[in-house]
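Notes follow once the structure below has been shown.
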Amino acid sequence: MRLIGNIIWFVMGGFIMGLAWWAYGVLAFITLVGIPWGRSCFVLGQFSFWPFGKQTVSRRQLTGHGDIGTGTFGLMGNIIWILFAGIWLALGHLMSAVACAITIIGIPFAIQHLKLAVVSFAPVGQTVVSNQVAEAAFRR
């Protein structure tokens, strides 16, 4: 079922939003200073291409300890991110969610777009894992 959902998602808009994430990632890598944001963009862009069966989770929650992306520098990075790219990616996902939610069949896709809209505000310090790994991390 996940495979079918991912294929439909990819064809009906996931491809466009995944490319948007990757475009911001390329721009971030060009600046060299933006490499942490670029890394996050590529990870979340891959998630945006094939979201079903996966979830985003904080690396702090997943590993049990913090790192540079989950601490103060990560918070500052996410604030800068919101100003330059996060708001635009969130708007793209929100518009896609509204378009998907118009039909009953599109509601699961709209929910995925809303999850990605939330993550687009704070991608630094996040990683993508399978649903089973995420559930284990949330139980800790």
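A compact table of results
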quantity	calculated
Scope the stretch 15-35; condition under 14 Å from HIS93 (Cβ atoms), buried (at least 21 other Cβ atoms within 10 Å of the Cβ) and free of Cβ contacts under 8 Å to residues at least 40 places away in the same chain; matching residues	GLY18
Filtered residue count, the stretch 119-132, keeping only those that are loosely packed, with under 15 Cβ neighbours inside 10 Å and either in contact (Cβ under 8 Å) with a residue 12 or more places away in the chain or small (Gly, Ala, Ser) (or both)	3
Count of the stretch 1-52 residues which are aliphatic (A, V, I, L, M) and more than 15 Å from the chain's Cα centre (by Cα)	14
TRP9 vs. criteria buried (at least 20 other Cβ atoms within 10 Å of the Cβ), closer than 22 Å to GLN132 by Cβ, touching a residue at least 40 places away in the same chain (Cβ under 8 Å) and of a type in the set (A, V, I, L, M, F, W, C)	yes
Matching residues in the stretch 111-139 - criterion: being of a type in the set (D, E, K, R) and part of a strand (DSSP E or B)	none
ALA20 being under 16 Å from VAL124 (Cα atoms), touching a Gly at 6+ places or on another chain (Cβ under 8 Å), aliphatic (A, V, I, L, M) and modelled with pLDDT of 90 or more	no
Check on PRO51, in a loop (DSSP other than H, G, I, E, B) and under 26 Å from GLU135 (Cα atoms)	yes
Among (1) farther than 20 Å from GLU135 by Cα; (2) assigned to a loop (DSSP other than H, G, I, E, B); (3) in contact with a Leu (Cβ under 8 Å, 6 or more places away or on another chain); (4) of a type outside the set (Asp, Glu) - the single one VAL33 does not satisfy	(3)
Selection status of GLY74, over 15 Å from the mean Cα position of the chain (by Cα), loosely packed, with under 15 Cβ neighbours inside 10 Å and touching a residue at least 24 places away in the same chain (Cβ under 8 Å)	no
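For every residue, the table says whether it meets (1) surrounded by fewer than 19 Cβ atoms within 10 Å (Cβ to Cβ); (2) outside any helix (DSSP H, G or I); (3) of a type in the set (Lys, Arg); (4) in contact with a Leu (Cβ under 6 Å, 6 or more places away or on another chain).
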{"residue": "GLN55", "(1), (2), (3), (4)": "no, yes, no, no"}
{"residue": "ILE68", "(1), (2), (3), (4)": "yes, yes, no, no"}
{"residue": "LEU94", "(1), (2), (3), (4)": "yes, no, no, no"}
{"residue": "VAL98", "(1), (2), (3), (4)": "yes, no, no, no"}
{"residue": "ILE104", "(1), (2), (3), (4)": "yes, yes, no, no"}
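The values are calculated or read from the model by the stated rules, or taken from the named source; none is laboratory data. Note that this is a predicted model, so its numbers are computed, not measured. Cβ sites come from the backbone with ideal geometry, for glycine too, and all protein chains shown count toward neighbours.
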